[in-house]
Every structure is written in structure tokens, then in C-alpha cells.
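Inspection log for the structure reproduced underneath, given as C-alpha cells.
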């Protein structure tokens, strides 16, 4: 059984992994572990229709912004969010992830760019952006608030972060509280598949 399946089936191990990740810088998380999990199909469950429900909600939230928006996704994995986006909903899409295996599976287009990198130090190729997306990623940052502050320079003045987190994760509340030090909610959308729940928010830097 892959590590991801073990984590998914054992709440205590979920907590252990997140605690471990939060004590470390993202660059210290073993890239090989993530590549191995993608090679084993450990993240295939993210393509389940129930999982995709949250992506549809996120897309709906993004439609409040200009159709020609530029989007940057941190921790994009195999590009699930990108592939579910309608081509008329963005003018440019950039994504990065720590896993080279995942990045190499994303079909690119003339108006998209993907690369594998450490989110704590990555510098986007084509800033500024209208929206920066983080789908269940902030758990893996040593200091989520500091991470968002660092990337704010790559947002347009009117830009926002679109952030999604699993409500059943033991660290979600702490991460939301952490980023509230510097950011204010713009929109909030709860998502449920009948068994699991997520919260999606757009946030912007406090005045």
C-alpha cells in the first residue's frame, strides 16, 4: 500500500505527516518521496469525481475575475486544476510543484508554463498575476503567512489568493488563523461531497 493510501486511511498518520511537514522547510521534504508516490499512482484519488467537486467550486469563484486573467498555481501536482479550467477563463496559466514526475505529466499549451521547484524560493516566470492558487498546499509550508507575503509581490494590486483546505485536516484551523495575520477574506465557499468537507477562500492583503 502506498504512503498516500496509508495516510488517507489512518487519521493519526495524517496528523503525523502534517506535523512533520510544518516543522520543516518545504525544500527539506524528500522530493523522491513525492515522485515515488506519483509513480505508484498514490495521488490518483484526486481525480475521483467527488474530489473534483471542490475544483468546480474554485472555478466558479474565479469567474468573478476578468476572463483574461493570469493564474499561477503553487503545488499544482499533475495539473488537475489547470486541466479542468475552461480555456476562455484565463489568458495565461503557470504552475509549479516539487514533483518532477507530476509536472512531466501535464500537457502544456502555448499560454501555459509548468516546472518543478521548491515553493519557498521559486520565482514565477511571468508575473504579475490576477490570482495565485493554493489547493491543499499551505499545510506544507513552515510559515504559511510568510509564504503568502513573499508571493504577494507577484500579484497585481487587485490580485487575490484562492486557497482551498480540507476541513478534516487537523492543521487547517491553525493555517487559516496564521494567514489571517496579514490577509483578509474576500469570498468563502464551503464544499462537501457528502463525506468530506473543504473550505475555499479568496483572500487579499490587509490594507
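Laboratory data are not the source of any read-out in this text; all were calculated from the coordinates shown. From a predicted model like this one, the values you see are computed outputs, not experimental measurements. Note: ideal-geometry Cβ built from the backbone for every residue, glycine included; neighbour counts use all protein chains shown.
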Computed label-point distance, nm, for sites residue 68 and residue 182 using a 7 Å Cα→Cβ extension: 3.1 nm
Label assignment, volume of the Cα convex hull per residue in Å³ derived from the structure, set (i) 146; (ii) 135; (iii) 111: (iii)
Most to least packed among 196-204, 134-142, 118-126 [average Cβ atoms within 10 Å]: 134-142, 196-204, 118-126
Helix-derived mean residue ellipticity, 222 nm - over the chain, DSSP H n ≥ 4, -39500 (n - 2.57), to 500: -9000 deg cm²/dmol
Label-to-label distance, nm, for residues given as residue 36 and residue 158 (7 Å Cα→Cβ offset): 4.8 nm
